[in-house]
Every structure is written in C-alpha cells, then in structure tokens.
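Trainee: Below is one structure. I have some questions about it.
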Amino acid sequence: MTTCVFIQIRCKPGMTYKVADAIVLREIHSELHSTSGAFDLLLKLYVPEGEDVGVFINDNVANIPGIERTLTTLTFKAF
C-alpha cells in the first residue's frame, strides 16, 4: 500500500513558482496548491510501497533549489 503524505513547503522569497515548476516536472505529486500563511505550497503525494518516506522526500522534494523549509504530515486512514 502506498503512503499518502502532505508536505507544506516554504520557499525562499520570489521562488514559489520556480519550486512549483520543478515539482511538476518531477511528476511525483497527486496535487499541488499555492497557499496563504506560513507556507507557500501544499503538496500531496503518494510514497511508493516499500520506499522509505524520509528518503523519498529528501531525494525528490527537499533537494529542490528554492525550498527553505518543509513540514510533512503522514496520513493513516481516509474516511
């Protein structure tokens, strides 16, 4: 079973659209939204079965230039 995670992303000033474009090009997301508040983007993705969640996020999201900080929320059950 895949793991659904939500990742809030804070971008460096002026980098939000470049970060969003980089995420889209990697084709790893289910949904990607711009948001207001402490974070600039909200990313929903599914970590493939058998993959380490932390390694997957580090290798596919956290290394994108222009990201300042992330906050990841793991999900358990959808209702």
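Trainee: Do we have any residue at all in segment 44-65 that's surrounded by 12 or more Cβ atoms within 10 Å (Cβ to Cβ) and in contact (Cβ under 8 Å) with a residue 60 or more places away in the chain?
Mentor: Scanning segment 44-65 turns up no residue that is surrounded by 12 or more Cβ atoms within 10 Å (Cβ to Cβ) and in contact (Cβ under 8 Å) with a residue 60 or more places away in the chain.
Trainee: Which members of segment 8-41 meet the condition of being under 9 Å from the mean Cα position of the chain (by Cα) and within 15 Å of GLY66 (Cα to Cα)?
Mentor: Residues satisfying the conditions are GLN8, ILE9, ILE23, LEU41.
Trainee: Output the number of the condition that VAL55 fails; it satisfies all remaining conditions of (1) of a type in the set (A, V, I, L, M); (2) out of contact with any Cys (no Cβ under 9 Å at 6 or more places or on another chain); (3) not in a helix (DSSP H, G or I).
Mentor: Evaluating VAL55 over (1) of a type in the set (A, V, I, L, M); (2) out of contact with any Cys (no Cβ under 9 Å at 6 or more places or on another chain); (3) not in a helix (DSSP H, G or I) leaves (3) as the failure.
Trainee: Scan segment 1-50 residue by residue and report those that are assigned to a strand (DSSP E or B) and of a type in the set (A, V, I, L, M).
Mentor: Hits for segment 1-50 are VAL5, ILE7, ILE9, LEU32, LEU41, LEU42, LEU43, LEU45, VAL47.
Values in this text are rule-based calculations from the coordinates and carry no lab data. Quantities reported herein were computed from a predicted structural model and do not represent experimental measurements. We place every Cβ from the backbone using ideal geometry, glycine too, and count neighbours over all the protein chains shown.
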